[in-house]
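In what follows, a structure is listed as structure tokens, so that the remarks can point back to it.
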Amino acid sequence: MPARPKGTRKMKAASAPRASITFPPDLYRTLEQLAKQKKVSVAWVVRDATEKYIADQWPLFEKHS
């Protein structure tokens, strides 16, 4: 797996909840393209987008690491 971009954190597998998400095929292809461009996994792209969405929706949301 490619290295994570700078400023990202590695999650411990035991403490990280998992989610199963179904995407429309065209959206998933876009996620794959983004992941390939950034040299990261699709999961990383989804986590990154989710964190940005939450920060946008709840600017005062305290991020726990």
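Screening Arg9 with (1) of a type in the set (D, E, K, R); (2) at pLDDT 90 or above; (3) at negative phi gives one miss only, at (2).
Scanning region 36-51 for residues that are surrounded by 14 or more Cβ atoms within 10 Å (Cβ to Cβ) and among the polar types (S, T, N, Q) yields one hit, Ser41.
The values are calculated or read from the model by the stated rules, or taken from the named source; none is laboratory data. Small disclaimer: the values here were computed from a predicted structure and weren't measured. Glycine also receives a Cβ, built like all others from the backbone with ideal geometry; neighbour counts cover every protein chain displayed.
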